1. Could you say which residue among 31, 77 is at pLDDT below 90, under 20 Å from the mean Cα position of the chain (by Cα) and surrounded by 10 or more Cβ atoms within 10 Å (Cβ to Cβ)?
2. Does at least one position in segment 26-48 carry a residue that is within 16 Å of the ligand (Cβ to nearest atom) and polar (S, T, N, Q)?
3. Filtering segment 60-74 down to residues that are in contact with a helix residue (DSSP H, G or I) (Cβ under 8 Å, 6 or more places away or on another chain) and not hydrophobic (A, V, I, L, M, F, W, C), which residue is surrounded by the most Cβ atoms within 10 Å (Cβ to Cβ)?
4. So which residues in segment 1-12 are part of a helix (DSSP H, G or I) and open to solvent by less than 100 Å² (accessible area, probe 1.4 Å), if there are any at all?
5. Please determine whether any residue of segment 48-58 is open to solvent by 80 Å² or more (accessible area, probe 1.4 Å), part of a strand (DSSP E or B) and aliphatic (A, V, I, L, M).
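The values are calculated or read from the model by the stated rules, or taken from the named source; none is laboratory data. Bear in mind that the values here come from a model prediction, so they are computed numbers and not experimental data. Reconstructed Cβ throughout: ideal geometry from the backbone, glycine too, with neighbour counts over all protein chains shown. The accessibility values were calculated without ligands, DNA or RNA, using every heavy atom of the protein model including side chains. Shrake-Rupley method; radii C 1.70, N 1.55, O 1.52, S 1.80 Å.
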Amino acid sequence: MPDKPTKNEDEYFARRDAELLRQQRGGAERAAAAEERKSHHMKCPKCGYDLITSKWDDIQIDQCTHCHGVWLDAGEADALLKHPHPNILARVFRAVMRGVSGAKASDS
Ligand SMILES: [Zn+2]
């Protein structure tokens, strides 16, 4: 009796090989996407320079070291809106702008 594979066996192995190849490609694409995301972590979405994190009145703000753009993490905008100080938004942004320009701004 010859050991020649049947048509069903050929189809089975071809499907299995195609599935393995698809899984390998998927894993490589996921790894590349994860690496790409990692390269953007704490980088300014506008100019690509580093972001630094500061805390003003318990509000955490990420700021670009180059273009001075300001970014809020999820929940920080909500924390600003719910903060008990009535002028917290102006207060925080004045503090941020003082840090950027070194200028004296009113803190009222
Ligand atoms: Zn920037």
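1. 77
2. yes
3. So, considering only residues that are in contact with a helix residue (DSSP H, G or I) (Cβ under 8 Å, 6 or more places away or on another chain) and not hydrophobic (A, V, I, L, M, F, W, C), the one surrounded by the most Cβ atoms within 10 Å (Cβ to Cβ) is 63.
4. If the condition is that a residue be part of a helix (DSSP H, G or I) and open to solvent by less than 100 Å² (accessible area, probe 1.4 Å), then 9, 10, 11 are the ones that fit.
5. Yes, that holds for at least one residue.
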